[in-house]
Each structure stands twice: as C-alpha cells, then as structure tokens.
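The values are calculated or read from the model by the stated rules, or taken from the named source; none is laboratory data. Quantities reported herein were computed from a predicted structural model and do not represent experimental measurements. Reconstructed Cβ throughout: ideal geometry from the backbone, glycine too, with neighbour counts over all protein chains shown. Protein only, heavy atoms only, side chains kept; ligands, DNA and RNA dropped before computing areas. Shrake-Rupley method; radii C 1.70, N 1.55, O 1.52, S 1.80 Å.
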Amino acid sequence: MPDANVHAHDAHNPNLQHHFVDMPQQQEASVLGMWVFLVTEVMFFGGMFLAYILYRMWYYQGFAEASHHIDLFWGALNTVVLICSSLTMALAVRAAQLNNRRGQIVNLILTILLGAAFLGVKAIEYSAKFRDHVIPGPHFEWHGKDAVGAQLFYSLYFALTGLHALHMIVGLGLMSVILFMAWRGRFNSTYYTPVEISGLYWHFVDIVWIFLFPLLYLIGRHAPVTF
Amino acid sequence: MSEHVHDSHAGHGHIAPMSMYLGVFAILMLGTAITVGIAYVDMGFVNTAVALAIAVTKATFVVLYFMHVRWASRLTWVVIAASIVWLLLLFSIGMTDYLSRDWMGVPGR
C-alpha cells in the first residue's frame with residue numbers, strides 16, 4: 001500500500017496541522033477555501049459587469065465613442081504585462097513543487113515587478129483622463145454625440161479598473177509576504193500551499209482584466225465614430 | 001484520478017512540464033493579438049460576441065492550466081461551475097427585469 005507510506009511520511013511533516021489527515025487533504029482544503037473566496041469575488045465583479053451590460057445596451061453610441069477615445073496602446077501593453085506576470089506566478093508555484101528556492105524567488109520578484117509595471121501604466125492612463133477632462137462629474141467635457149452615455153462609460157471605466165487596480169495592490173502585498181517566506185525557505189515540494197493559493201488570487205485578477213480589456217478598450221474600434 | 005490519495009506522493013499535486021506553461025502563455029498572447037486585430041473588423045454586434053468568446057477561451061486556459069483546475073478535485077469543479085451558474089443567474093434575471101420594465105408602463109425606468 002503506497003498510501004501507508006504517505007501517512008507515515010506526513011506524520012512527521014512539521015507543516016501538517018493536527019486537524020488534517022495528511023498533507024494532500026490539508027492542501028485540498030486550502031485550495032477549495034480559496035476557490036470559495038474567488039466565487040464571492042466573481043459575484044462582486046459580476047454586479048459591476050451587469051451594470052456595464054445594461055448601460056451599454058441603453059447608451060450604445062456613447063459607449064462606442066468613449067471606448068474609441070481610450071488609448072489602445074496602454075491597454076494592450078498592460079494585457080501583455082499581466083499575462084507575463086501570470087506565467088511567472090505559475091512558474092513560481094512550479095519552482096516550489098520542485099524544491100527550487102532560487103526559482104521561487106526569481107519568479108516572485110518578476111511577478112511583483114510586472115504587477116508594479118501594470119499599476120504604473122494605469123497611472124499614466126488615469127492622468128491622461130484627467131488631462132482630457134473625461135473624469136465623470138461637473139467638469140466632464142465631451143464633444144461627441146452622446147455625452148451622457150460617454151460619462152456613464154467613464155464612470156464604469158473608473159469603477160471597474162479602479163477595483164481591479166485595488167486587487168492588484170492587494171496582490172502585490174500578498175506576493176511580498178510570499179517572497180519573504182520563500183526567501184526564508186518556508187516552501188518545498190510537500191508544502192507550498194501559500195504559494196499555490198496566492199497564485200490562484202493573482203490569476204483571478206488576471207482573468208478579470210482579460211474581460212475588462214476587450215469590454216473597455218475595444219468596443220468602439222471598428223465603427224467609424226462621428227464626432 | 002480526482003481522488004486526492006490517488007496521485008499523492010511525497011510531493012503531492014501535479015507538476016506540469018515547463019513546455020505546458022510556455023504553451024499556455026503562447027496561446028494567451030495569440031488570443032490577445034487576435035482580439036485586438038479583430039476589433040478593427042466591422043461585424044456589427046458580432047464583434048462583442050467574438051471578443052467575449054476569445055476572452056472566455058483565454059480565461060478557460062488560465063483556470064485549467066495556470067490555476068491547476070485540470071488536476072483539481074471534483075468538489076473544486078463543482079464550486080467553480082456554481083460560480084458560473086450564479087453569475088449567469090445574476091445577468092439573466094437582472095436583465096429580464098430592466099429590459100421588460102417599460103413593456104407595461106411600470107414606473108421606475
């Protein structure tokens with residue numbers, strides 16, 4: 001029975017908490033718990049996406065105009081940056097699975113740098129919005145046909161990308177802790193749950209952006225917008 | 001295979017080869033390039049459908065491979081499937097309400 005060996009081995013694992021049978025059970029409990037949290041996050045962003053669907057149907061022209069006004073370059077660059085960070089995150093987990101401390105540290109640092117680059121690009125984009133007076137409110141300026149729709153688009157743009165950026169900031173905090181733990185040599189092939197579930201969070205934030213990018217940056221590209 | 005005892009060794013959990021991660025990365029990059037390129041082709045409302053189809057495909061690859069759900073337990077699959085069901089419920093019931101409000105002259109729109 002290979003199973004018996006596993007139990008005998010795990011009985012001595014200092015990372016096994018007493019209320020779990022063995023290490024795989026402990027990890028599965030953590031992963032499942034993280035997924036339950038991510039489901040609540042899906043619903044959290046879901047409400048905002050519902051608002052997006054509704055207002056886009058009601059203010060179709062305004063949304064296309066406003067989306068057309070956003071600089072596609074920065075959005076596409078940030079999409080690439082986030083996909084790269086998801087790769088380095090996945091490789092950090094793999095390094096932990098392979099007892100590779102150096103690999104964990106290098107990949108976690110890369111993930112943090114890419115996440116910071118994403119936020120830097122976001123800062124450039126936000127400042128351009130202030131410069132162009134497309135911040136929703138009394139000083140909103142719009143020279144297109146549908147100023148009301150455009151303003152609603154920008155309200156949703158800031159709410160969605162702002163919440164997403166907030167998640168990125170939380171993710172950077174998480175990654176800093178994980179990097180510190182990895183540097184201390186806390187993870188190995190039998191225990192890497194914190195890297196794994198922090199990675200789940202990071203990838204989730206990446207997935208939110210995968211949907212935000214086409215819905216915010218790309219909806220007005222094909223239509224010739226008449227101002 | 002979804003029984004966790006089945007694939008548990010000293011180092012439990014599935015260790016995927018490097019080539020798999022790079023392959024998924026390439027697919028995500030390709031998807032991004034396609035979604036940007038196709039946004040300039042005028043297909044009317046189909047544009048949004050295509051963009052969403054590409055986004056769902058990219059998200060599926062991230063979930064299955066980067067998030068290791070392909071090798072996760074059935075219980076994890078159920079939780080994830082439930083999130084999709086609830087999200088669709090939110091969208092469909094929310095939209096039926098808003099889109100049908102002015103059919104019968106009900107105030108509130």
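What the table shows:
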{"quantity": "Options A:Gly75, A:Gly62: the member that is open to solvent by less than 10 Å² (accessible area, probe 1.4 Å) and either in contact with a Cys (Cβ under 7 Å, 6 or more places away or on another chain) or under 26 Å from B:Leu30 (Cα atoms) (or both)", "calculated": "A:Gly75"}
{"quantity": "Spans of helices (runs of 4 or more DSSP H) in region A:53-148 with at least 1 residues in contact with a His (Cβ under 9 Å, 6 or more places away or on another chain) and within 27 Å of B:Phe61 (Cα to Cα)", "calculated": "A:72-97, A:101-131"}
{"quantity": "Test: residue in region B:35-42 that is at the interface with chain A (Cβ under 7 Å from one of its Cβ atoms), of a type in the set (Gly, Ala, Ser) and under 29 Å from A:Ala29 (Cα atoms)", "calculated": "no"}
{"quantity": "Options A:Leu216, A:Leu152, A:Leu156, A:Leu174; residue that is closer than 29 Å to A:Gln61 by Cα, assigned to a helix (DSSP H, G or I), out of contact with any Gly (no Cβ under 8 Å at 6 or more places or on another chain) and at pLDDT 95 or above", "calculated": "A:Leu156"}
{"quantity": "Only one of A:Gly75, A:Gly115 that is more than 14 Å from chain B (Cβ to nearest Cβ) and within 19 Å of the chain's Cα centre (by Cα)", "calculated": "A:Gly115"}
{"quantity": "Residues within region B:82-109 that are open to solvent by 50 Å² or more (accessible area, probe 1.4 Å) and assigned to a helix (DSSP H, G or I), tallied", "calculated": "15"}
{"quantity": "Region A:175-189, residues that are surrounded by fewer than 23 Cβ atoms within 10 Å (Cβ to Cβ) and on the phi < 0 side of the Ramachandran plot", "calculated": "A:Ser176, A:Val177, A:Leu179, A:Phe180, A:Met181, A:Trp183, A:Arg184, A:Arg186, A:Asn188, A:Ser189"}
{"quantity": "Which listed residue, of A:Ile197, A:Ile178, A:Ile135, is of a type in the set (A, V, I, L, M, F, W, C) and within 14 Å of chain B (Cβ to nearest Cβ)", "calculated": "A:Ile197"}
{"quantity": "Lone unmet requirement of (1) at pLDDT 95 or above; (2) touching a Pro at 6+ places or on another chain (Cβ under 9 Å) for B:Thr48", "calculated": "(1)"}
{"quantity": "Lone qualifier among A:Ile135, A:Ile219 - being among the β-branched types (Val, Ile, Thr) and within 21 Å of B:Ala55 (Cα to Cα)", "calculated": "A:Ile219"}
{"quantity": "Residue list for region B:18-34, restricted to those being more than 9 Å from chain A (Cβ to nearest Cβ) and not aliphatic (A, V, I, L, M)", "calculated": "B:Ser19, B:Gly23"}
{"quantity": "In region A:34-54, the residues that are open to solvent by 40 Å² or more (accessible area, probe 1.4 Å), more than 7 Å from chain B (Cβ to nearest Cβ) and farther than 14 Å from A:Ala159 by Cα", "calculated": "A:Phe37, A:Thr40"}
{"quantity": "Filter result (within 19 Å of B:Phe61 (Cβ to Cβ) and at the interface with chain B (Cβ under 7 Å from one of its Cβ atoms)) within region A:202-221", "calculated": "A:His203, A:Asp206, A:Ile207, A:Ile210, A:Phe211, A:Pro214"}
{"quantity": "Within region A:15-33, tally of residues that are β-branched (Val, Ile, Thr) and open to solvent by 40 Å² or more (accessible area, probe 1.4 Å)", "calculated": "1"}
{"quantity": "Number of positions in region A:79-92 that are under 14 Å from B:Thr35 (Cβ atoms) and of a type outside the set (A, V, I, L, M, F, W, C)", "calculated": "1"}
{"quantity": "Residues located in region A:100-132, provided they are of a type in the set (Asp, Glu) and open to solvent by less than 40 Å² (accessible area, probe 1.4 Å)", "calculated": "A:Glu125"}
{"quantity": "Test: residue in region A:160-173 that is open to solvent by 30 Å² or more (accessible area, probe 1.4 Å), of a type in the set (A, V, I, L, M), out of contact with any strand residue (DSSP E or B) (no Cβ under 9 Å at 6 or more places or on another chain) and within 14 Å of chain B (Cβ to nearest Cβ)", "calculated": "no"}
{"quantity": "Within region B:60-76, considering residues that are open to solvent by 10 Å² or more (accessible area, probe 1.4 Å) and facing chain A (nearest Cβ under 9 Å), the one nearest to A:Gln97 (Cα to Cα)", "calculated": "B:His68"}
{"quantity": "Residues being farther than 17 Å from A:Ile53 by Cβ and assigned to a helix (DSSP H, G or I) - total across region B:22-58", "calculated": "20"}
